[in-house]
1. Residue under question is residue 161, and the condition is that it be within 20 Å of the chain's Cα centre (by Cα), of a type in the set (Val, Ile, Thr) and either at positive phi or assigned by TED's automatic domain parsing to the domain that holds residue 190 (or both); does it hold?
2. Output the helices (runs of 4 or more DSSP H) that fall wholly within the stretch 247-325 and possess 2 or more residues being at pLDDT 95 or above and farther than 28 Å from residue 196 by Cα, or say none.
3. Among the residues of the stretch 243-254, which ones are under 23 Å from the mean Cα position of the chain (by Cα) and surrounded by fewer than 21 Cβ atoms within 10 Å (Cβ to Cβ)?
4. Show the residue pairs that are 6+ apart or on different chains and have beta-carbon atoms under 6 Å apart, the first residue being within the stretch 215-235 and on the phi > 0 side of the Ramachandran plot, the second being of a type in the set (Ser, Thr, Tyr) and not in a helix (DSSP H, G or I).
5. Restricting attention to the stretch 164-181, which residues are among the acidic types (Asp, Glu) and at positive phi?
6. Kindly indicate whether any position in the stretch 239-252 is farther than 19 Å from residue 211 by Cβ and of a type in the set (Lys, Arg).
7. What pairs come up if the first residue lies in the stretch 192-206 and is farther than 17 Å from residue 278 by Cα, the second is acidic (Asp, Glu), and their beta carbons are under 7 Å apart, counting only those six or more places apart or on different chains?
8. Within the stretch 1-114, considering only strands (runs of 3 or more DSSP E) that don't extend past its boundaries, which have at least 1 residues that are crowded, with 19+ Cβ neighbours inside 10 Å and of a type in the set (A, V, I, L, M)?
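The values are calculated or read from the model by the stated rules, or taken from the named source; none is laboratory data. Quick caveat: nothing in here was measured; it's all calculated off a predicted structure. Because the Cβ atoms are built from the backbone with ideal geometry, glycine has one as well, and the counts that use them run over all protein chains shown.
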Amino acid sequence: MRLKEIGEFGFIDRIRNGCLVRSASVIKGIGDDCCVFKTSPGLVTLFTTDMLVENIHFIRGAITPYKLGRKSVAVNISDIAAMGGTPREAVVSIAIPDTLEVEYVDAVYDGMKSIAKEYDVNLLGGDTTASPEHLVVNIALVGEALEEEVLYRSGARVGDVVFVTGTVGSSAAGLDMILTKRAFEEAGPLLDAHHDPRPHVKAGRIIAGLKVASALIDVSDGVAADLGHICKESGVGAIIAEASIPMENLFRRYCDQFELDPLHLALHVGEDYVLLGTVPGRSVDRLAGALKSAGCEFFAIGTIAAEAGLRLRGSDDSLRTIPPGGWDHFT
């Protein structure tokens with residue numbers, strides 16, 4: 001079935017079921033000029049938006065529509081997690097080429113609804129339009145947090161420990177596999193790491209609630225680029241310990257088989273959507289213990305330094321400059 005057979009408003013009626021998972025706070029969802037919802041007293045509102053453009057952020061033939069829907073929401077949820085917040089309400093804008101069947105778009109929305117339900121997010125509407133050629137999905141997401149718990153990029157201080165809440169590099173391997181069409185026997189988990197990321201909201205809330213971390217960001221552009229953002233906003237530098245960068249064994253096997261540099265993929269490609277932060281040394285054990293006791297991960301990977309820029313400490317204790325690589329839409 002083509003979209004022109006049911007029209008814009010027939011399509012809106014088709015996707016509106018199953019969008020609300022917390023109806024008590026919603027005054028008006030899909031079906032009016034604006035969605036209307038209540039906010040909680042004593043909290044600050046967080047707002048983020050991310051756009052996924054075909055052939056820039058995804059290759060349509062390489063990802064299922066269901067996982068595309070999940071990822072489009074996940075990348076926004078991860079932004080809320082990076083501030084220590086809780087995701088709440090989302091709206092979806094989608095530009096659909098005439099070549100797509102309605103059933104494909106149904107599956108995109110099924111993916112959105114699936115991950116929205118997992119993270120207690122309401123989908124409250126949005127906008128639909130035609131596209132001359134490429135599929136475009138944009139999500140705008142509102143979250144909330146206690147004002148005194150919100151974490152920013154600008155709080156890192158010299159001597160702080162740099163940490164991540166999960167392994168890095170697997171998404172980069174998945175992307176490499178898609179672009180090069182390499183045949184790898186255990187491809188599934190690496191492709192899933194790229195196509196179906198799991199935002200670390202639980203870890204973000206624990207980190208924020210303890211009030212000991214000094215800065216936080218999610219790893220979307222790559223460890224080097226995102227740590228670089230923290231350093232720039234905080235007016236500091238950082239030293240990463242090569243031996244401490246957490247990588248899955250499967251990722252290492254992929255790099256070994258195809259003679260790839262795991263360090264480059266882990267530091268410079270991104271889309272791991274783990275959290276990267278800084279914490280004073282005196283609070284490391286407390287933060288690590290709280291995360292691990294809740295089933296989350298904590299890996300100390302370096303320290304904040306006074307000298308600007310990023311450097312890598314090798315296994316032989318040598319230091320070398322890390323180039324400022326990572327995803328940049330315009331370079």
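1. no
2. It comes to 284-293.
3. Within the stretch 243-254, 244, 245, 246, 247, 248, 249, 250, 252 meet the criteria.
4. Pairs found: none.
5. none
6. Yes.
7. 194/271; 197/271
8. Per the criteria, 44-53, 86-97.
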